[in-house]
1. With every protein chain left in place and a probe of 1.4 Å, what is the accessible surface of Tyr122, to the nearest 10 Å²?
2. Could you give the spread of the C-alpha atoms of the stretch 1-160 along their three principal axes, from largest to smallest, in whole angstroms?
3. Mind grabbing the accessible area of Val104 for me, 1.4 Å probe, Å², rounded to tens?
4. By how many nm would the segment from Asp341 to Arg33 grow when fully extended, if each residue of separation counts as 0.36 nm and the alpha-carbon distance is taken off?
5. On a 1.4 Å probe surface of the protein chains, which of Leu381, Leu279 comes out largest in accessible area, and what is the full order?
6. May I ask for the angle, rounded to the nearest 10°, between helix 79-105 and the longest principal axis of the chain, with both axes built from Cα atoms and the value confined to 0 to 90°?
7. Averaged per residue, what accessible surface does the chain expose to a 1.4 Å probe, in Å²?
8. Calculated FRET efficiency, Ser6 and Leu229, Cβ-Cβ r, R0 41 Å, to nearest 0.05?
Amino acid sequence: MNSSSSLPELTIGNKSTFPIIQWWMGVWISNWRLAWTVAKEWAVWTLSSVGHSVTPAYKPLFNAMIKEKKAYFGWKIPEHEFERIFYDANIAAIYEEVKKAKEVAQGNWALWINVMVAVNDYTRQVLAACDAWVDGIVSGAGLPLNLPEITKEYPNVSLIPILSNLKGVRILLKKWERLGRIPNAIILEDPSRAGGHLWSASVNNVDNSDTTLEVAVPEVIEFLNKEWLHVPVIAAGWIVSRDDMNRVLNLGASWVQMGTRFLATHESWASDDFKNAILHANEKDITIYTSNALLPARAIASSGIFHMIEWRVAETRKCIENCLIHCWYRDWIGELKGSGDTPAQMCILHALARGTEWNRPHAKSEALYFTGVSALEISTLKSVKEIIEELTY
């Protein structure tokens, strides 16, 4: 690493790195190509485990499995077999993603992958990533209470849960300590600033003061110190510039996690339409809504899919992927009981995939563009190298 950097070097295992983590952006935006460009600049790279089998890059793998099943069953493949193919293709794609990442890294740099608790195939995705020798598992979109038990055969894999306040940290640590494990780091995500699915109970709780970084980071660090636990805290939410980075490091965080800034880069695999939406976003363009995944989410209001769902009628949908544990679109839930809140009626998996490069030209009208509030500070595309240099020197 270049010793002229004004940032400290941190050690993950036996690998030195800058205290910057590239946020995972599924579906297929946080792939090995983007992650590798981040790693070359000595930041931590993070892959996404979700939805590979519906992306253009891995659709041939999915289609090959379909062809094999047709040869066995004839032209009428049972629905449960379609679901199995979706899962199996995604597992194969996780192996392939990690393999490609490891090949270009040549043993250098720490490689993490994010696996969401909210997916039906959670355990298999975690184990596939461990089998492929990732250095760390990041896990949120639900409390990853059983992650130490799932990974007990892989003690050298770092475990990094995503939480938002001290309450969540207490609950998780109590369970993990019974399983003989503590986190290698804790990510504290600020729902009032972060992008995509937000670690909050509902849309109405996104702006709670106890989940802001200014409150959560000092509280969690004080608690960890009292418990004599040396667990680094990673701050996430509206971090674009070196000033933003200094602000959260001064709160006591050891690392920062950045997503939207890396999304709007030359190397990102977001579509040009997606990138342009980030570059031209204003306050009215950013919306918080209730996702079909049973979580609040932040996205660009002009995303094409929002215009489509206005005239879609909620009804029971057949779903061969069955990717989420809770899906209001799949299960035809038109209103969250007792709240009057209506969830978005979309297949979020396909809507996110349509926001990536390599998709068909008219995908813009059906795409979903996740973003953090930090989009308001981003007006130019930059290279990953430019961003890391601005942050570190």
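1. Roll a 1.4 Å probe over it and Tyr122 shows about 30 Å².
2. 63, 31, 23
3. Number for this one is 40 Å².
4. Here the answer is 107.0 nm.
5. Solvent-accessible surface, decreasing: Leu381, Leu279.
6. 30 degrees
7. 44 Å²
8. Calculated transfer efficiency: 0.90.
The values are calculated or read from the model by the stated rules, or taken from the named source; none is laboratory data. Note that this is a predicted model, so its numbers are computed, not measured. FYI the Cβ positions are ideal-geometry reconstructions off the backbone, even for glycines, and counts take in every protein chain you see. Just so you know, the surface numbers come from the protein's heavy atoms only, side chains and all, with ligands and any DNA or RNA stripped out. Shrake-Rupley method; radii C 1.70, N 1.55, O 1.52, S 1.80 Å.
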